[in-house]
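K.L.:
Take this structure, written in structure tokens, and hold onto it; I'll ask about it next.
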Amino acid sequence: MVGHGECIMGLIDSYPGDWHFIAEDFFQKVEVKCIDWRWRIKDKGYRLSRVHGDFHPWNVLFQSGLDFWVLDRSLVCQPFYAWRALVIASPIWYPNLTDDVRKKLFNFIINVLDFEKFDIHNVNSYFEPPDVKSSSSTVHR
């Protein structure tokens, strides 16, 4: 999730070097937060469940009514969300996003990595600028 070429650090490496949408230290802060998460969950492999590799909405399979199966589950919700948001915010993968949407995705990345437990009831708050008290990351120049 963190170090592999298709994961967080590899994805960060794919961002253009001359792209000045965010502060230079943003990606470094994301990497450090993800490394912290790696060590936080390292001994929790018993919670890991993986089916085939990449989780996305099409990996939620409904059987009947509200009965469903989730493919590609993992124990590490926050780093996964950070990785997925990095993909969507990428000017290479999604060049037509508005600056406002991209800024909210970068806010989401920092905010989601700052919380020990993902709060599904307050997801929209993760798109707001990071609270100065909980994170010193500068997202938009």
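K.L.:
Tell me which trypsin sites (Lys or Arg not before Pro) from segment 91-120 have a DSSP coil assignment and no more than 13 other beta carbons within 10 Å of their own.
P.N.:
LYS117
K.L.:
Filter LYS44/LYS104; LYS33/LYS104; LYS44/LYS103 down to the pairs with a C-alpha to C-alpha distance above 28 Å, please.
P.N.:
Flagged as over cut-off: LYS44/LYS104; LYS44/LYS103.
Values in this text are rule-based calculations from the coordinates and carry no lab data. From a predicted model like this one, the values you see are computed outputs, not experimental measurements. Counting neighbours? That spans all protein chains shown, and the Cβs are built from the backbone with ideal geometry, glycine included.
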